[in-house]
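The values are calculated or read from the model by the stated rules, or taken from the named source; none is laboratory data. Note that the coordinates shown come from a computational prediction; the quantities given were computed from them, not determined experimentally. No Cβ is skipped: glycine too gets one built from the backbone with ideal geometry, and neighbour counts run over all protein chains shown.
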Amino acid sequence: MRSWAPHALDVDVESTLAAIEGAATVDLIGTFGDLKCAEPDEAVPDVVRDPSRQDFDYLPVRKNGRITGLFRRAEIARQLEEGNIQCRAHVSDQMEALSEENIVSSGASVLTFIETADYHPCRLVLRKTAIDGIITISDLQRLPVRPVLFLLITHLELLMESKIRKLFSEDPDRSIELLGSKKRKRIEREWTRRRDHNLVIDKLIVTGISDKIEILEKRVGLSLQVDAQGGDFGGIVDLRNGVAHADGYAPTPEKAQELARTVRLIRKLIRHLQ
């Protein structure tokens with residue numbers, strides 16, 4: 001039985017992905033306008049303990065109406081409590097000066113921010129010629145991030161399927177033999193159900209992303225080939241499920257940092273499989 005339509009990857013993939021990723025930009029998830037800020041000559045304890053600013057982990061530092069740096073309020077608060085910072089210190093003593101590590105363009109893809117969010121969890125946003133916004137790792141939960149992540153994961157899964165088909169070109173169904181009996185039974189049931197409605201070509205069609213990862217891991221040692229240090233395949237499965245089912249995929253700072261590592265791993269896998 002032949003497919004009635006071209007394969008999903010029968011397009012200019014690079015241009016397509018670049019266009020879609022480029023449409024989901026930092027300015028869609030950042031905070032702009034009336035930002036809560038700190039002044040350089042304010043005392044650190046006053047800023048840290050100010051009730052109106054306690055909900056913010058990061059504060060832009062503003063002098064004479066212009067943003068001149070970044071103050072990590074939550075981190076400084078911990079250091080102050082531990083006695084690592086003198087109570088007489090001023091914001092200017094503890095702030096980060098503007099640099100390429102804490103600035104991002106408002107037109108940059110959200111993936112640009114995500115990929116380094118575990119190292120740089122907050123960046124000031126440059127719009128046109130002025131810095132007037134801020135983006136933090138907590139913003140990764142916002143709606144515009146989801147379609148980009150889903151696109152990335154779908155691209156990876158399609159490449160995995162294509163790779164498996166090449167490895168088992170004579171009979172793609174043989175790839176299922178590498179899976180455990182429980183998974184094989186699940187795939188058999190789903191394949192039978194869909195076959196009865198003329199919805200499948202072979203059993204590989206009804207495998208999930210975790211199945212494809214396991215097949216490639218057992219067939220070609222995928223983790224060794226891509227050097228999966230800094231991320232793991234389980235994180236890819238969790239991310240896929242979280243995005244597909246509208247669950248939280250970055251509900252805590254720890255999970256958001258894990259997201260950055262997972263996205264880097266997905267990017268690495270895509271480059272490898274291409």
Those residues of the stretch 177-213 which are closer than 19 Å to GLU157 by Cβ and acidic (Asp, Glu), in sequence order: GLU190, ASP202, ASP211
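Given the criteria part of a helix (DSSP H, G or I) and in contact with a Ser or Thr (Cβ under 6 Å, 6 or more places away or on another chain), does ASP46 qualify?
no
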Looking at (1) at pLDDT 95 or above; (2) closer than 22 Å to PRO253 by Cα, can you tell me which one GLY69 breaks? (2)
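Per-residue answers, yes or no, for (1) modelled with pLDDT of 95 or more; (2) farther than 30 Å from ARG219 by Cα; (3) among the acidic types (Asp, Glu); (4) in contact with a strand residue (DSSP E or B) (Cβ under 7 Å, 6 or more places away or on another chain):
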{"position": "VAL104", "(1), (2), (3), (4)": "yes, yes, no, yes"}
{"position": "LEU111", "(1), (2), (3), (4)": "no, yes, no, no"}
{"position": "THR129", "(1), (2), (3), (4)": "no, yes, no, no"}
{"position": "ILE134", "(1), (2), (3), (4)": "yes, yes, no, yes"}
{"position": "SER138", "(1), (2), (3), (4)": "no, yes, no, no"}
{"position": "GLN141", "(1), (2), (3), (4)": "no, yes, no, no"}
{"position": "VAL148", "(1), (2), (3), (4)": "no, no, no, no"}
For the stretch 36-67, the count of residues that are closer than 14 Å to LEU126 by Cα and either crowded, with 16+ Cβ neighbours inside 10 Å or among the acidic types (Asp, Glu) (or both) equals 2
For the list (1) buried (at least 18 other Cβ atoms within 10 Å of the Cβ); (2) without any contact (Cβ under 8 Å) to a residue 60 or more places away in the chain, I need the number of the one condition that LEU143 fails. (1)
Can you name every residue in the stretch 71-101 that is buried (at least 18 other Cβ atoms within 10 Å of the Cβ) and under 23 Å from the mean Cα position of the chain (by Cα)? ARG72
